[in-house]
Amino acid sequence: MTTDYANILKENKLRYGTDIGRIGPMLLAERYADRTHFIYELLQNAEDALARRKDWQGSRAVQFELTKTALRVAHCGMPFSSDDVKGICGIAESTKSINSIGRFGIGFKSVYAFTECPEIHSGDEHFSIGSFVWPLAIPPLGGVDSLTIFNLPLRSNDASAYDEISNGLCKLGGR
């Protein structure tokens, strides 16, 4: 059963207000000098999800696919739960323990340096996140049952996005 996105959206509008889309870039998306820092945040989240899927015998790789219009990141970590949806759509609502990297729940928000509405497909959960904290149901992707996929549509008016992300991915190397 999927999460009640409408209820989370309603709660988050009360919690964070309706002006989060305007103040979010300054407070959340532009926290790092290097806009491609989000790549490391996604890798850390994938590592955490893979660690939670202890019995998984399949691939433990994280795949990046960059086109001129989007970045797609996929891994086979533990699928999202309702708590994970609330965590990624919140601020300081992480499901991670106090000793974990990323427990403040704002690292993922660095993807907003390049996208306005990231999409997440994981298990039964298929949603986008508008204005940093507002989940909206979206149609599922076909044939990706064991994958968690982050689809980040790039801003059409950001001429340097593709090159910056490409360079950021090259810095990682193959491993």
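The values are calculated or read from the model by the stated rules, or taken from the named source; none is laboratory data. What you see is a predicted model; the values in this text were computed from it and never measured. Cβ atoms come from the backbone with ideal geometry, glycine included; neighbour counts cover every protein chain shown. Surface areas here come from the heavy atoms of the whole protein model, side chains and all, with no ligands, DNA or RNA. Shrake-Rupley method; radii C 1.70, N 1.55, O 1.52, S 1.80 Å.
Provide the gained length on full extension for the span Ala33 to Lys68, in nm with one decimal, where the gain is 0.36 nm per separating residue minus the Cα-Cα distance.
Answer, rounded to one decimal: 10.3 nm.
Which of Ala137, Ala92, Ala161 moves most in a GNM of the chain, Cα contacts under 10 Å?
Ranking Ala137, Ala92, Ala161 by mean-square fluctuation puts Ala92 first.
Take each complete run of DSSP H in the chain, measure how far its Cα atoms stretch along the helix's own axis, and keep only those covering 18 Å or more with mean Kyte-Doolittle hydropathy at least -0.5; list them.
38-52
Return the carbon/sulfur percentage of the accessible area of the chain, one whole number, probe 1.4 Å, all protein chains in place.
With neighbouring chains kept in place, the figure for the chain is 52 percent.
Can you send over the solvent-accessible area of Asp4, 1.4 Å probe, protein chains only, in Å² to the nearest 10?
Asp4 has an accessible surface of roughly 90 Å² with all protein chains in place.
May I ask which residue of Phe127, Leu71, Ala137 lies farthest towards the positive end of the charge dipole of the chain, with charges of +1 (Lys, Arg) and -1 (Asp, Glu) on Cβ and the Cα centre as origin?
Toward the positive end, the furthest listed residue is Leu71.
Taking only protein heavy atoms into account and a 1.4 Å probe, give the accessible area per residue of the chain in Å².
Solvent-accessible surface per residue comes out at 54 Å².
Using a Gaussian network model on the chain with a 10 Å cutoff between Cα atoms, which of Leu152, Leu71, Leu14 fluctuates the most?
Sorting by GNM fluctuation, first place goes to Leu14.
Can you classify the chain as rounded, prolate or oblate using the Cα gyration tensor, where a ≥ b ≥ c are the square roots of its eigenvalues, rounded means a/c under 1.5, and otherwise it's prolate if a/b beats b/c and oblate if not?
It is rounded, given that a/c, with a ≥ b ≥ c, falls under 1.5.
Given the options Pro135, Pro118, Pro153, which has the most mean-square fluctuation in a GNM of the chain, springs set between C-alpha atoms less than 10 angstrom apart?
Highest fluctuation among the options: Pro153.
How much length is gained on full extension from Glu11 to Lys171, taking 0.36 nm per residue of separation minus their Cα-Cα distance?
53.7 nm
Is the shape of region 134-174 best called rounded, prolate or oblate, per the rule: a/c under 1.5 gives rounded, else a/b larger than b/c gives prolate, else oblate, with a ≥ b ≥ c the square roots of the Cα gyration tensor eigenvalues?
Since a/c reaches 1.5 but b/c is at least a/b, the shape of region 134-174 is classed as oblate.
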